[in-house]
1. Amide H to amide H, which residues 5 or more places from TYR82 or on other chains are under 5 Å from it, using H placed in the peptide plane?
2. Along segment 129-137, what does the Karplus equation 6.51 cos²θ - 1.76 cosθ + 1.60 (θ = phi - 60°) give for ³J(HN,Hα), rounded to whole Hz, x for Gly and Pro?
3. Is there a quick way to get the dipole size of segment 255-325? I mean about its Cα centre, with the Cβ of Lys and Arg at +1 and of Asp and Glu at -1; what is the value in debye to the nearest 20?
4. What are the aspartates and glutamates whose alpha-carbon lies under 16 Å from the alpha-carbon of LYS251, with same-chain residues fewer than 8 places away excluded?
5. Under 5 Å between amide hydrogens, which residues at least 5 positions from MET233 or on another chain qualify, with H placed 1.01 Å from N in the peptide plane?
6. Please turn the phi angles of segment 24-39 into ³J(HN,Hα) values with the Karplus equation 6.51 cos²θ - 1.76 cosθ + 1.60 (θ = phi - 60°), one per residue in order, whole Hz, x for glycine and proline.
7. What is the mean projected area of the alpha carbon convex hull for segment 109-247, to one decimal in square nanometres?
8. For a quick check: with amide H placed at 1.01 Å from N, whose amide H comes under 5 Å from THR301's, ignoring anything fewer than 5 positions away on the same chain?
Amino acid sequence: MKKPPSPAPHPASLATNVAIALNAVLAAVDNEHPKVLCVRAGELGLPYGPFDPARHRTFEIGMREWVERQTKISLGFIEQLYTFGDEGREAPAAALAGRKASERIISVGYLALAPALSETIADDAVWRDWYGFFPWEDWRGGEPAILRERIIPGLTDWAGRGVGKSIRNARLARINIAFGLDGMGWAEERTLDRYELMYEAGLVVEAWRDRAAAGHEAPKKRDPALQQTGAPMISDHRRILATAIGRLRGKLKYRPVIFEMTPPEFTLLQLQRIVEAIVGFGFHKQNFRRTIEKSGFVEPTGETTQEAAGRPAALFRINREGVRARAATGLAIPRLRRAKD
């Protein structure tokens, strides 16, 4: 009896090697602007490079080396963010020196925090406001107009385009959860969910660029409307950045990591502005002040500073003992609620 023919190999199995890339999201807040360190490679991207097992004892060592080599900046606090290995994420090819066409790219992302912008000596290193990549995420001035004018209508149209009722309903449910519609409330840490929905719906530049590169769509002239939904990044770096922003926003609630991003001395208003810049919406000043004063994370220096018109403001510093004692505690950050749905 003849054996049945073996099934054809999955295209992914034809790749003989796996290349490991290391990506870093280095974030700092500058004058109420949350910024991320980028490198210019045609379009902007995150600092990245290949992991070399012969030279790098750990991923972290390799990542630190690549960031310093590309940007001339040494990293302080870092933590591993996520491993990005979805098939097809290399379309267009994740720029990686010496990469072979048959290799599958696996990226290990890291989140790094800094108390201030480091000087960029390298010509191709530049700090960018992360809301330039995600303009719909900044609610400090109220609901971003782009949500009602373009994003929600675009997603609603995509939800029902060429699909049956069950798929349409599933898509609408995802949209409601990610964007806080139908009374669900905006959850600031769902940054990645929102970006991925917009990618699927073709509302960001990378969606059309990647479809053309994969041969699914003919190259099309860049739609000026897509520029309104944020600056593009190379490969899937905007997805990695969205993951980092969501992680940091969520982490503020259960770890005192915000104090990795503060200067040695600060007023409570300055601290509030740093937190607001990261989460993307404002707090009631007195409520925030009471929360911080009760937290045990800060202590007064006994000095004051003149912030603007009015009385001098008290200066505070990090209470290192309090931070160590409450290392599993974050800040009480209320959820932002939509005024209307």
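Just so you know, all these numbers are worked out from the coordinates, no wet-lab data involved. No experiment lies behind these values; they were computed from the predicted model shown. Neighbour counts run over all protein chains shown; Cβ positions are idealised from the backbone, glycine included.
1. GLY109
2. Karplus values, whole Hz, x for Gly and Pro: 5, 5, 6, x, 8, 9, x, 7, 8.
3. On the way: 10 positive and 8 negative charges, 47 e Å.
Magnitude of the dipole: close to 220 debye.
4. Straight-distance partners of LYS251: GLU79, GLU188, GLU189, GLU260, GLU276.
5. ARG238
6. 10, 10, 9, 10, 8, 10, 10, 6, 6, 10, x, 10, 10, 7, 10, 10
7. Working: hull surface 42.6 nm².
Quarter of the Cα hull surface area: 10.6 nm².
8. Amide H neighbours of THR301: LEU315, PHE316, ARG317.
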